[in-house]
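Following: one structure in structure tokens, then a few remarks.
The values are calculated or read from the model by the stated rules, or taken from the named source; none is laboratory data. Note that the structure is predicted; figures quoted are calculated from it, not measured. Cβ coordinates were reconstructed from backbone atoms using ideal geometry, including for glycine residues, and neighbour counts include every protein chain displayed.
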Amino acid sequence: MRVVTVTILVMLTSLSGCFGDEIFLEEDRGIPGGLTLACLRSSEFTSMNLHVLYEEGYQPEAMELLKQRLDEVCDKPGGINIITEKVDFSHGDTWSADDVRTKRWNIGSDAMSSETLTWYFLFPSGMYEDESVLGVAVDASTVAIFLDSIEDAEGFLGRPSSSEIERSVTVHESGHLLGLVNTVYTSDVDHEDPDHPHHSNNEDSVMYWAVETNTIGSFFSNDIPDEFDNDDKMDLEKMADGTYSTTNQVWG
Ligand SMILES: [Zn+2]
């Protein structure tokens with residue numbers, strides 16, 4: 001699920017300002033897709049961290065696959081590193097997009113440091129306020145994956161298994177951070193599902209809408225997609241090489 005709010009921008013404006021003689025400006029958190037070019041290109045950031053914040057008992061299994069998928073599309077000659085950190089979110093059972101943003105920015109730090117881009121992946125206990133949602137991308141560098149809901153979404157006799165669903169949902173949400181589909185660009189190819197904006201109309205793409213919902217277990221009886229399809233990849237390539245103009249970027 002791709003969550004966009006304008007309230008955060010208003011909040012940011014009030015947070016930035018003068019502090020003594022020094023002007024400090026809080027980092028622009030952006031919208032999902034706001035750091036797409038920062039990942040796809042190496043001109044600004046040569047390496048990347050995938051920083052996991054997980055609650056005890058919620059350590060993810062998906063990160064190696066995610067690293068592989070991002071390696072396939074992003075240009076990071078300095079490498080992509082996984083950082084895992086166990087945290088106590090001290091939060092109730094229900095999460096809103098604002099809750100996710102607040103915890104990420106309270107516990108984590110900036111997405112953009114000198115040469116390293118950092119994306120945060122939260123794995124908390126509890127569920128999203130819309131319990132049918134398995135994962136959310138809430139700003140340019142923040143994703144939350146709800147493993148309790150994923151556990152419940154497991155298919156009949158474990159097909160698909162909760163591990164498979166977790167991997168697909170995690171790659172799916174990172175796809176929203178990459179601006180898929182048509183979030184910060186407009187594709188030449190008609191592959192956005194008109195009934196589910198910013199999702200692929202191809203059920204073999206990890207960006208298919210059902211991947212991030214609790215119907216996934218009944219929707220896919222065999223393999224669930226865990227990679228970007230050719231249209232997704234072509235969109236990413238055309239953003240990277242400048243064929244498509246890319247909007248809402250929070251850097252450069
Ligand atoms: Zn989605």
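A few points about this structure:
- Condition check for Thr102: modelled with pLDDT of 95 or more, under 17 Å from the mean Cα position of the chain (by Cα), away from the ligand (no atom under 15 Å from the Cβ) and in a strand (DSSP E or B): no
- Residue that is surrounded by the most Cβ atoms within 10 Å (Cβ to Cβ), among those in the stretch 198-217 that are within 10 Å of the ligand (Cβ to nearest atom) and not in a loop (DSSP other than H, G, I, E, B): Glu212
- Qualifying residue in the stretch 171-178 (condition: more than 16 Å from the ligand (Cβ to nearest atom) and either aromatic (Phe, Trp, Tyr) or in contact (Cβ under 8 Å) with a residue 12 or more places away in the chain (or both)): no
- Residues located in the stretch 198-218, provided they are over 15 Å from the mean Cα position of the chain (by Cα) and free of Cβ contacts under 8 Å to residues at least 40 places away in the same chain: Ser200, Asn201, Asn202, Glu203, Asp204, Ser205, Ala210
- Residues being within 15 Å of the ligand (Cβ to nearest atom) and under 29 Å from Asp98 (Cβ atoms) are represented in the stretch 153-162 by at least one member.
- Asn182 vs. criteria surrounded by fewer than 21 Cβ atoms within 10 Å (Cβ to Cβ), modelled with pLDDT of 95 or more and at positive phi: yes
- Residue within the stretch 223-246 that is away from the ligand (no atom under 16 Å from the Cβ), at positive phi and out of contact with any Asp or Glu (no Cβ under 9 Å at 6 or more places or on another chain) present: yes
- Flag if Thr183 is in contact (Cβ under 8 Å) with a residue 40 or more places away in the chain and within 11 Å of the ligand (Cβ to nearest atom): yes
- Scanning the stretch 127-167 for residues that are in contact with a Phe, Trp or Tyr (Cβ under 6 Å, 6 or more places away or on another chain) and either part of a helix (DSSP H, G or I) or small (Gly, Ala, Ser) (or both) yields Ser141, Leu147.
- Only one of Asp195, Asp231, Asp226 that is among the charged types (D, E, K, R), modelled with pLDDT of 95 or more and assigned to a helix (DSSP H, G or I): Asp231
- Top-ranked residue of the stretch 148-161 - restricted to ones that are without any contact (Cβ under 8 Å) to a residue 24 or more places away in the chain and under 30 Å from Arg29 (Cβ atoms), ranked as surrounded by the fewest Cβ atoms within 10 Å (Cβ to Cβ): Glu151
- Scanning the stretch 97-147 for residues that are more than 23 Å from Val250 (Cβ to Cβ) and either surrounded by fewer than 17 Cβ atoms within 10 Å (Cβ to Cβ) or basic (Lys, Arg) (or both) turns up Glu129, Asp130, Glu131, Ser132.
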